[in-house]
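Enquirer: Sharing a structure with you now.
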Amino acid sequence: MSAIAVVSSSVGAPPQDLDAEQSVLGSILLQPASLLEVVDFLRPEDFYRENHGQIYRAAIALQEAGEPIDNVTLGSELDKRALLERIGGRAQLALLQEQVPTAANIERYARIVKEHAQRRRLVSAGQHIIGLGQDVALSAEEAIDQAGASVFAVGSDRAERSAPISDLLVDAMDRLDSRQESGRGLSGISSGLYDLDALTGGWQGGDLVIVAGRPGMGKTTAVLDFAAQACTAGVPVAIFSLEMSRGELIDRLLCGKARVSSHRYQSGGLNDDELDRIARAAGELGNLRMFIDDRPGLDELALAAEARRLKLREGIGVVVVDYVQLIHGRRRGQDPDRIQEVSGVTRTLRQLARELDVPVLAVSQLSRAPEQRTDKRPMLSDLRETGELEQAADLVVFVYRPEYYKPDDNPGIAEMIVAKHRNGPTGTAEVRFRKELMLFENLARREA
């Protein structure tokens, strides 16, 4: 087999590298776990040869079903799809495996395949843009807008996977400089809130935990506090943030850790003492093993693949998702029923919790139903676009702050309502909410 490299295609031929495609497939057959290294960015449609894409798609199907991948199982899967003979039979699968001496370079091979796929899409986009330029029914501005969208779509899946918090803190401190110039015997992982832990026993491996509430209640703040607490206890955490950027999350972490007003931090009005506290907080946070992925438009397959990769490489013990309704289902565009799409995402998250044996803390929106009631406290029936959310969750925790509706009703007090607990009691834990710090903390213990 010839050496694999990204080379210019001959004139008139679409960009392609069949050797690289074969090497990706051979690597998967040689070492099935290597599929996790590429599945989040390499799609079946990225393969130039359709047969190669079909083989790759079948391998993904086996991986998602938790089945082993080898010549026998892959051949059987292709046979079920009436594709085995079309791709050349089991002999072709054996040949693919024999052509690759090691699976160590699969990511390099996959990047080459992806590179050529993007070039083919760029050629297609160029042809589309020519058509836009010749379409007299469109204004020049409309044509330019559609042309830009076409080019953007070509590279929209090239975003980074995740970044360690130590790297992100450097950017956070730079942003701050610019503004200034202008535990307790639990069976699971502690939330950091002892009354909540008393109800839940801590976050348990394999559990899907839904953290829900109406807008403004502090759902993101809560799961970020839970994540920081886990990391402080030595548990690596993966955060998939589809609503807030990495920078916004880091800013919140810094303010909470340093106990500095988020408003003063954002406005650049910190005094010397506060700046010192921020610097110390950055030093402490930089030692945490927290990984943040803020790719917009993340789909369930890419999320699961990245979580598996981080489990394999970093040993993550908690997965945080903010929030469920922003994750694209794998059948997006094929099924007009949004509830069914969210149900599919929910099943993926629950399966991921079981597979990785980690708690998955997933934020969810609520419907407007509480606004219509005298008692605004959420109920399980309020879960928005639930589908299987309520059924699939092992634990449902509602975040509720009475003062949001009545400023004089228990100001500074929030309720963590455990509305569903598959393996324990339900109930309500009262905690303190420091709005200026965007932080939940324990109330002082009462003497018995």
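No lab work stands behind these numbers, since they all come straight from the coordinates. Just so we're clear, the structure is a prediction, and the values are computed from it rather than from any experiment. All Cβ positions, glycine included, derive from the backbone under ideal geometry; neighbour counts span all protein chains shown.
Enquirer: Counting other C-beta atoms within 10 Å, which of ILE210, ILE112 has the fewest, and how do the rest follow? Can you show the working numbers first?
Expert: Values: ILE210 28, ILE112 20.
Arranged by neighbour count, lowest to highest, ILE210, ILE112 become ILE112, ILE210.
Enquirer: Quick one: which residues, 5 or more positions from ASP299 or on another chain, have an amide H under 5 Å from its amide H? H modelled 1.01 Å from N in the peptide plane, none for Pro or chain starts.
Expert: Long-range HN contacts for ASP299: HIS328.
Enquirer: So if I take the centroid of the Cα atoms in the range 218-247 and the same for the range 79-118, what is the distance between those two points in Å?
Expert: First find each Cα centre; the distance between them is then 38 Å.
Enquirer: What number, rounded to the nearest 500 deg cm²/dmol, is the helix-based mean residue ellipticity at 222 nm of the chain, given -39500 (n - 2.57) per DSSP H run of at least four residues and division by all its residues? The partial results should precede the final answer.
Expert: Working: 15 runs with 202 residues, N = 448.
Computed ellipticity for the chain at 222 nm equals -14500 deg cm²/dmol.
Enquirer: Please report the antiparallel percentage of the DSSP beta bridges confined to the range 163-441, to the nearest 5. Write out the running numbers ahead of the final one.
Expert: Working: 19 of 42 bridges.
Counting DSSP beta bridges with both partners in the range 163-441, the antiparallel share is about 45 percent.
Enquirer: While we're on this one: Report ³J(HN,Hα) in whole Hz for each residue of the range 222-236, in order, from the Karplus equation J = 6.51 cos²θ - 1.76 cosθ + 1.60 where θ = phi - 60°; Gly and Pro get x.
Expert: Karplus values, whole Hz, x for Gly and Pro: 4, 5, 5, 4, 4, 5, 5, 5, 4, 4, 4, 7, x, 9, x.
Enquirer: Kindly write out, for the range 432-438 in residue order, the coupling ³J(HN,Hα) from the Karplus curve 6.51 cos²θ - 1.76 cosθ + 1.60 (θ = phi - 60°), rounded to whole Hz, with x marking Gly and Pro.
Expert: 8, 10, 9, 4, 5, 9, 6
Enquirer: At ALA91 and TYR194, where each label point lies 7 Å from the Cα along Cα→Cβ, what is the point-to-point distance in nanometres?
Expert: Those two pseudo-labels are separated by 7.3 nm.
Enquirer: Take ASP382, ASP409, ASP273 and order them by how many other Cβ atoms sit within 10 Å, fewest up front.
Expert: Details: ASP382 23, ASP409 12, ASP273 9.
By the 10 Å Cβ count, ascending: ASP273, ASP409, ASP382.
Enquirer: Each residue of the range 84-93 in order: what ³J(HN,Hα) in whole Hz does its phi give by Karplus 6.51 cos²θ - 1.76 cosθ + 1.60, θ = phi - 60°, with x for Gly and Pro?
Expert: Each residue's phi maps through the Karplus curve to give 4, 5, 5, 8, x, x, 5, 4, 5, 5 Hz.
Enquirer: Pairs of lysine in the chain with Cα under 25 Å and at least 8 positions apart or on different chains: total?
Expert: For the chain, the number of qualifying lysine pairs is 12.
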